[in-house]
Structures are given as structure tokens and as C-alpha cells.
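Worksheet for the structure shown next.
The values are calculated or read from the model by the stated rules, or taken from the named source; none is laboratory data. A quick note: this is a predicted structure, and the numbers were derived from the prediction, not measured. As a convention, Cβ positions derive from the backbone with ideal geometry for all residues, glycine included, and neighbour counts pool all protein chains shown. When the accessible area is computed, the model is the full protein with side chains, heavy atoms only, and any ligands, DNA or RNA have been set aside. Shrake-Rupley method; radii C 1.70, N 1.55, O 1.52, S 1.80 Å.
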Amino acid sequence: MHNSSRRGFMGKAFGAVAGVGAVGSLVAMKKTWDPLPSVKAAGFTTLDMSIYPEGKLITEKWRGKPIFILRKTKEMIDSQTESQATRDIVVAGIHYMIAIGLCTHLGCIPAYIPAEKEFHCACHGGQFDWSGQVTKTPPPRGLDIPPFKIEGNKMILGEVGPEFQAMKDSGVTL
Amino acid sequence: MAHFTKATSVKDWLNQRLAVEKIEKVMASEYWIPKNINFLWAMGMILAITFALLLVSGIFLLMYYNPDVNLAFDSVNYTIMREVDFGWLWRHVHGVAASVVFLVIYIHMFTGIYYGSYKKGREMIWLSGMLLFVTFSAEAFSGYMLPWGQMSYWAGMVITNIFSLGGLHMDGLVEWIRGDYVPAQAFLTRFFMLHVFLLPLAIMGLIGLHFAALRIPHVNNQDGEEIDFDAEAKKYLDGDKAGSKVMRFANDFMSKDMMVVGIYLIFFFYLVFYNYGFAMDPVNFDPANGLKTPTHIYPEWYFLWSYEILRPFSINIGLMAFGFAQVIFMLLPWLDRSPNAVPASRRGKFKIWFWLLLVDMIVLTAMGKLPPQGIFSTIGLVAALGFIALWIALPFITMNEKKV
Ligand code: HEM
Ligand code: FES
């Protein structure tokens, strides 16, 4: 009786020590797999927006991901529907389509078909229009817009400026 | 109390310390196997041998492979393939074995389904087998990342994105798995660790569990006969070897088993030497490039059926269907409501169900390889819906099955 209650106590004491150790190890393991500070610090890219030709899709790179930049033609700007216009990004008076060039389905890079002014994703057949809106599933939403901040005719990708915040708040992008 | 005497032979010396004779009996000469089984029961041994081939070839690849995003591609495609003497052999053995192992796994699984070898005490065999299937899938996927070619990179991108769980937008989880915003160095090194250490270790543990689960129920037989193993073993040991329904695992059964293994190995090395191309995707001979998707992304052939279940639907429904396909096989012992553990040929509606499932999965596999357009999309969608319907129907068609 005396012995068994002592063993019971020892068992509980060990359980407590082991429990603390297990939780601590799990935290350490979780954190070890987090992106490194150097990876996070390299997450900013500054673009000079004045260099892009009209109507031609250019791909830049940010955080290892392709960034689509399309300086819109006059025809595109004039024909924009209301929902297409919500995705419009204006830098120094020039209109752009800017988006992360990864399909919102599972992340392939959709190809731009200039003749149809559309993006086609080869992986599972998703499609997007020239403004980045989804036109054919399986992608659940339009192309995501990277966080950006406008400074004069420069754009800093990775920083959240007021224009981006507004788009995020109104649900235009994630 | 332990009592040791002067040994009369090496065997006696070992016997006193390790009970080798007893172990040999328990594991081999008095482990009883029914006589009425066919070559399909050799698949397990073939899997064990193929795993050994993967292990040995993997160890030799590991001596020159370099898990660095700038070096990995060349360490495989230049160093191992061109500089290292016989490096090509290890790579081709490894690649062919990784592909063929899944063919044998599927045969092994469907054999189990056909003969009802997942019920009446054999549930743990089935479950541990399914866990092996899942771990092998993870092993093959992580290995596919290592050469760091275009298919490695884009398969890594697409598969890790599945963990954002569609509408739940768990992008933080995806970045945590990758250790970066996209697959990069952290991703390659951690998948390298998984591939060469943690997952093989888990596989070995699971193989042990799989074998242990066989111990008490023993293997099934091709007539669905319930054998009293103790009585039959006694008959055998008492001298009536011909009248007994069982035989020794070693050497009796092993000699049959190794015959099939021998034929398999001839086929296997024929593939390694003359026909390895199917195991090496041409797209993966381009180095990884995060700014260019290959025009058509598809997984290795053994993942195509589940990929095709994901593909025709919108993302959330697709992910649910995919998740369903991943776990549903595990539940087979409980979804099959019939008490009959006999071959499907004697089970009426279940027989039809079995062949429909097999054909459906072959159709899904074929459609998964084709571009998602036109008639192929439609056939894929029908086959995906068919897969789900078959599993939902299973409890109902087996519920009223007549006892045979
Ligand atoms: C459990 C079974 C295993 C499977 C299914 C498997 C699968 C694969 C696959 C599909 C590849 C890519 C093949 C290629 O492109 O050449 C690969 C590569 C590799 N595997 Fe395995 N593997 C297994 C076990 C192992 C083991 C046990 C080791 C070492 C301890 C290992 C070491 C390697 C190495 C170093 C590579 C990279 C070299 C290369 O790509 O050719 N593998 N594995
Ligand atoms: S990744 Fe684009 S449609 Fe699936």
C-alpha cells in the first residue's frame, strides 16, 4: 500500500517531466522547419515600373515566384468591366495588371496566349483573362496579387502599401 | 536460473546463449503455410526483395549524390551517370525498382481484396499493408525531388500546395513544409533527410509490423478454407506430410517462393538493362526552373489514379474526393459487411464490384496521363464519380450476401 502509492507518485512525477520535455521538443522541431530569417529577409524586390512595354507580358521574380506584369493597352483600359477594374494597379498614371504567376489551383505557371489575351494553365486546364480573373475552373479565384507598395514610379514587392491594403480589405486578393 | 554447460559445438554454444534453434523453428521450419496457394502469394516476398534492391542501390547513389540545389542535378546526371563506374547501374536499378515496386504492391493489394484476406482476424495485416503503401508513396515522392529536375520542382510545388487545403488557405503550413516561399534549398535538404533516413526507417518498422500481424491468423488460401493450423501442424509433424493441409515455411514454401522471385528478377534486370526508359521521365532531364512550368505536368504512373480523382473537380470538392481516395482503402475490412472470406468468384455481386473497381482504376490511370481536355475530361470525371460510387455501394451490396 505504502509502496504502491509511492510508485504512483513516481509515475506521475515522471509523466510531468516527460510531458514538459515532449512539448518543448515539439516546439523546437516546429521552429526548426520554419523559413530561415535569411530567407524571409530576401523577400523584397524593387521594380522600376517605367520600363515595361505596352501589351506584352513580362515575368519578374519575387520570393522565387514568377510575377506577371502586363502594362495594359488603351483598348484594355477602355474595355475593362467593373470587376476587372478592381484589379487595376496604377503607378505614375500607367495601368498595369500585376499578379503572382502561379495558378491558384495548385501552383503551375499559366501560359499567356497573346492572341486570346488569356492565361491557360496546362496542369488541370484552368483559365484566366488578361486582368487575372479566373474564367475556367478548377482554380478557385483569380491570380493572387503580391503585397506591394508604390513609391513614385517604383514598386516594392513584399511591402504592404495602402493600395494593396485596400485591395486586400475589399477581397480582391488574399 | 540460467545454467550454462561446456558447449559441445558452435551451434550448442549459440543455442545456450541465443536459443538459435528455437528461433529457427518459430520463424521458419515450424511457421506453417497452407498448401493450397498460388504464385500470387509470392508477391510479398518479391516486395521484400525489391525493397532490398532499393536499399542497396540507394546506399551506392548516396555516396555521390549532393543535396544542394546548385549541385544535385549534376551530381546525378553527370557524376553518377557518366563519371562513376557502374553509377548508371545503381541509378537504373533504383529508378526501375521504385516504379516496379508499385506494380507489385497493386497486385498484392488486389490479391488481398479478391481472396478476402482482410477480414476474420486479418484486419491488422490489411491496415499495416496500407500504412506501408502510404509510406512507400511518400518515399517515392521524396526520392523524386532529389535529382532536382523540372518535374522534381513542379511536382514538389503542386503536391505541397495541396496542404493549403483549398478554401482553408493554409499557406503558412505550405511555407512551413517547404521552409521557404517556394521549393528551394531548405525543401531539398529536408526531403533528402526523409528519403534516405526517416521514411526507410519507418518502412522497415512497418514491414516488421506487417509480418507480426501475419503470425496469428496465418496467410489465407485460394479456396477460402478455414484451416486449423495447430491440428494440421501436428499431423505434419506426426509424419502424415501428404495428408496435412500445411507445409513448413522453410524450406518447403520458400523453395516455391524463390522460384517466382527468380522469374521476377530475370524480368526486373531485363528492364534495368534494356528497358529502363519508362522509369526516367524525359522532362526531369531539364534542371529545375522556378520560372517555367513544363507544358504538361503529370505524376509517376502509380499516382495517376488518385491524381485523376483530384483533377476534374473544383478545388475544394477535388481535395475532398482526393482525401476520400487516400483513406477509403484503409476502411475496407469494415465496409465489406459480409462474413464470407472466400474468393470473389464465389461472392456474387462482390465479384462484379471487384472487377469494376479494378477496371475503374485502370481507366483513371490512363486518363490521368492524358491532357485534361474534351472527351478525356469527361471519361475522367465519370471514372472519378464511379470510384466514389463503388465505395459507397460496397456496404450495401455485401450486407445481404449469402453465407457460403
Ligand atoms: C523505400 C523504397 C524507395 C523508393 C520507392 C525510392 C524511390 C526513389 C525515386 C523515385 C528516386 C528518383 C529516381 C531517379 O530519378 O533516379 C529516388 C532517388 C534516390 N534515392 Fe530512393 N527510394 C527508396 C529507397 C531509398 C533508400 C533506402 C535510399 C538510401 C538509403 C535511397 C537513396 C536515394 C538517392 C540518394 C536518390 C537520388 C539519386 C537519383 O535520383 O538517382 N532511396 N528514390
Ligand atoms: S494548377 Fe492550374 S489548373 Fe491546377
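The table below gives the values:
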quantity	calculated
Subset of segment B:164-185 [free of Cβ contacts under 8 Å to residues at least 24 places away in the same chain, within 7 Å of chain A (Cβ to nearest Cβ) and open to solvent by 10 Å² or more (accessible area, probe 1.4 Å)]	B:His169, B:Glu175, B:Trp176, B:Asp180, B:Tyr181
Single residue of segment B:194-234 satisfying the filter (among the charged types (D, E, K, R) and open to solvent by less than 80 Å² (accessible area, probe 1.4 Å)) that is nearest to B:Ile105 (Cα to Cα)	B:Asp223
Single condition A:Val23 does not satisfy, out of (1) open to solvent by 70 Å² or more (accessible area, probe 1.4 Å); (2) part of a helix (DSSP H, G or I); (3) within 14 Å of chain B (Cβ to nearest Cβ)	(3)
Residue list for segment A:91-105, filter: more than 19 Å from the chain's Cα centre (by Cα) and either within 23 Å of B:Thr378 (Cα to Cα) or in contact (Cβ under 8 Å) with a residue 24 or more places away in the chain (or both)	A:Val91, A:Ala92, A:Ile94, A:His95
From B:Val260, B:Val272, residue being within 20 Å of B:Asn221 (Cβ to Cβ) and among the β-branched types (Val, Ile, Thr)	B:Val260
Qualifying residue in segment B:125-139 (condition: more than 13 Å from ligand 1 (Cβ to nearest atom) and farther than 30 Å from B:Leu265 by Cα)	no
Subset tally (residues that are within 15 Å of ligand 2 (Cβ to nearest atom) and touching an Asp or Glu at 6+ places or on another chain (Cβ under 7 Å)) for segment A:92-127	5
Pairs where the first residue, in segment A:106-132, is of a type in the set (Lys, Arg) and the second is more than 14 Å from ligand 2 (Cβ to nearest atom), C-beta under 8 Å, 6+ apart	A:Lys117/A:Met76; A:Lys117/A:Asp129; A:Lys117/A:Trp130
Sole exception among (1) touching a helix residue (DSSP H, G or I) at 6+ places or on another chain (Cβ under 8 Å); (2) part of a helix (DSSP H, G or I) for B:Thr293, by number	(2)
Helices (runs of 4 or more DSSP H) contained in segment B:1-90 and holding at least 1 residues surrounded by fewer than 16 Cβ atoms within 10 Å (Cβ to Cβ) and of a type in the set (D, E, K, R)	B:10-18, B:20-24
Any hit, segment B:105-113, residues being open to solvent by 40 Å² or more (accessible area, probe 1.4 Å), over 30 Å from B:Gly348 (Cβ atoms) and aliphatic (A, V, I, L, M)	no
Any hit, segment B:276-288, residues being of a type outside the set (S, T, N, Q), within 13 Å of another protein chain (Cβ to nearest Cβ), within 23 Å of B:Gln150 (Cβ to Cβ) and crowded, with 20+ Cβ neighbours inside 10 Å	yes
Spans of helices (runs of 4 or more DSSP H) in segment A:67-172 with at least 3 residues within 14 Å of another protein chain (Cβ to nearest Cβ) and either touching a Cys at 6+ places or on another chain (Cβ under 7 Å) or within 16 Å of ligand 1 (Cβ to nearest atom) (or both)	none
Qualifying residue in segment A:141-151 (condition: modelled with pLDDT under 85 and open to solvent by 10 Å² or more (accessible area, probe 1.4 Å))	no
The listed residue being open to solvent by less than 70 Å² (accessible area, probe 1.4 Å) and in contact (Cβ under 8 Å) with a residue 60 or more places away in the chain, out of A:Phe68, A:Phe44	A:Phe68
Residue list for segment B:54-97, filter: within 26 Å of B:Asp180 (Cβ to Cβ) and either among the acidic types (Asp, Glu) or within 16 Å of ligand 2 (Cβ to nearest atom) (or both)	B:Asp68, B:Asp74
Contacts under 7 angstrom Cβ, first residue in segment B:2-13 being farther than 19 Å from B:Glu24 by Cα, partner assigned to a loop (DSSP other than H, G, I, E, B) and open to solvent by 100 Å² or more (accessible area, probe 1.4 Å), 6 or more apart	none
Filtered residues of segment B:324-344 (kept if part of a helix (DSSP H, G or I) and either over 18 Å from the mean Cα position of the chain (by Cα) or touching a residue at least 24 places away in the same chain (Cβ under 8 Å) (or both))	B:Phe324, B:Ala325, B:Gln326, B:Ile328, B:Phe329, B:Met330, B:Leu332, B:Pro333, B:Trp334, B:Leu335, B:Ala344
Number of the condition not met by B:Phe387 [criteria: (1) within 14 Å of another protein chain (Cβ to nearest Cβ); (2) out of contact with any His (no Cβ under 9 Å at 6 or more places or on another chain)]	(1)
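Each row is one residue, and each column tells you yes or no for (1) more than 15 Å from B:Tyr106 (Cα to Cα); (2) open to solvent by less than 10 Å² (accessible area, probe 1.4 Å); (3) not assigned by TED's automatic domain parsing to the domain that holds B:Tyr106.
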position	(1), (2), (3)
B:Leu304	no, yes, yes
B:Phe313	yes, no, yes
B:Gly318	yes, yes, yes
B:Val327	yes, no, yes
B:Trp334	yes, no, yes
B:Arg337	yes, no, yes
B:Ser345	yes, no, yes
B:Ile352	yes, no, yes
